[in-house]
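So the structure is just underneath, and the comments pick up after that.
The values are calculated or read from the model by the stated rules, or taken from the named source; none is laboratory data. No experiment lies behind these values; they were computed from the predicted model shown. Glycine gets a Cβ as well: all are built from the backbone with ideal geometry, and neighbour counts include every protein chain shown. To get the accessible areas, we keep the full protein, side chains included, count just its heavy atoms, and leave off ligands, DNA and RNA. Shrake-Rupley method; radii C 1.70, N 1.55, O 1.52, S 1.80 Å.
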Amino acid sequence: MASGEKTLTVVALGGNAILKPGQEGTARQQIENVNETMRQIGKMVLSDTYKIVVSHGNGPQVGNLMLQNEIAKEEVPSHPLDVCGAESQGFIGYMLSQSLDNVFNQNGRGDIPVATVLTQTLIDEDDPAFEDPSKPVGPFYTEEAAERLREEKDYDMIEDAGRGYRRVVPSPEPLAIVEKEPIRQLLAAHTVVIAAGGGGIPVVREGDKLLGREAVIDKDLASEQLAEDVGAKVLLILTDVESVYLNYNEPDQKPIDRMTVDEANDYIEQGHFARGSMKPKVEAGIKFVESGGKKAVITSLDKVFEALDGETGTTITK
Ligand code: ADP
Ligand code: MG
């Protein structure tokens, strides 16, 4: 099939694509998970039906980097959150791109180029999220340690469900992907691109300068922004559930096969989707189809092909 006919698709990988619940996060564990993930993504590319941009989360990875910084701070200067985000994009991008390259080579298609783009995501300095830091990041602390961080570093700290204290940072809206032009150029050159890891590094524009900010952009919303910026037709959000459900985790839970924007907004209002997990995925799907995308699909990695054919998973259309 000619490349012009391929469906440009942004595939947003959930946390379980890189690290499974309960795993401690060794490099080996992550590489093994990534290999399983990329075999499936590789199949999509090799089917010659999709042109793909991959995005991914970085929660546990950036948390570990922050913990390393915290433990080593007397010996090595610690890095701010935006720099830790860049570090996590670097190593996760390395694993994803190498793994996908290997899949192509094993299938006699070593000619397909793969590249990771270190990505910054533009946010607004005046985003209301800066008045209400809500996203927990990094390690758990004791009450005394939390108090010290409040005083010494001006961190916002909250008590997290009886498990200890954690830093919270703002979670602003993504406005644009800074590297969208180079990403488009790579796609035009038939490269599989990995971008916007962890929602991208949050940056603000001050006059003629970009400046990093200590914040976390939701990876589903950033993936949606990326999809808009590259003109994708499909936004595919892969997570650890096969479908989006009504009455999730209740006896009468029911998978949603299809929903329109209006239906999705009603379900959000009725409180069916949890804040910070399923809600941003549905919101991303709504925004994507409202901005001209053909459909958004939410499903699990092993159901990708069935879900793209509408046989399972949840499809959002206008
Ligand atoms: P990811 O790393 O893929 O973004 P999240 O944990 O953020 O994963 O989001 C997926 C989770 O959303 C599921 O594991 C599920 O527990 C939760 N969830 C909340 N509400 C719903 C719902 N209505 N339908 C399906 N899953 C839901
Ligand atoms: Mg999530």
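Expressed in units of 2.2 N^0.38 Å, where N is the residue count, the Cα radius of gyration of the chain is 0.99.
Cα centroid separation, the range 203-271 to the range 46-122: 20 Å. Quick one: helix 59-71 against the long Cα principal axis of the chain, what's the angle to the nearest 10°, folded into 0 to 90? The angle comes out at about 30 degrees. Relative intensity of the range 172-318 on a log10 scale, I(q)/I(0) at q = 0.18, 0.19 Å⁻¹, equals -1.07, -1.17, per a Debye sum over C-alpha point scatterers of equal strength in the absence of solvent. With respect to the chain, whose longest principal axis is taken over its alpha-carbon atoms, helix 278-290 is tilted by about 50°.
With 23 Å as the limit, the listed pairs 233/318; 219/303; 180/279 have 180/279 beyond it between alpha carbons.
Note that the range 6-91, at 25 °C in a medium of 0.890 mPa s, gets a Stokes-Einstein diffusion coefficient of 169 µm²/s from its Kirkwood radius over C-alpha pairs. When GluC sites (Glu not before Pro) are flagged only if DSSP places them in a loop and at most 14 other Cβ atoms lie within 10 Å, the longest unflagged stretch of the chain comes out as 126-310. Calculated from the alpha-carbon coordinates, the range 167-212 shows an Rg and a Dmax of 13.2, 42 Å respectively. For the chain, the solvent-accessible area works out to 48 Å² per residue, with a probe of 1.4 Å and every protein chain left in place.
Considering only protein heavy atoms and a 1.4 Å probe, what is the carbon-and-sulfur percentage of the accessible area of the chain? That fraction is 46 percent.
Only one residue of 193, 90, 121 has its Cα farthest out toward the positive end of the dipole of the chain, where Lys and Arg carry +1 and Asp and Glu -1 on Cβ, and that residue is 193.
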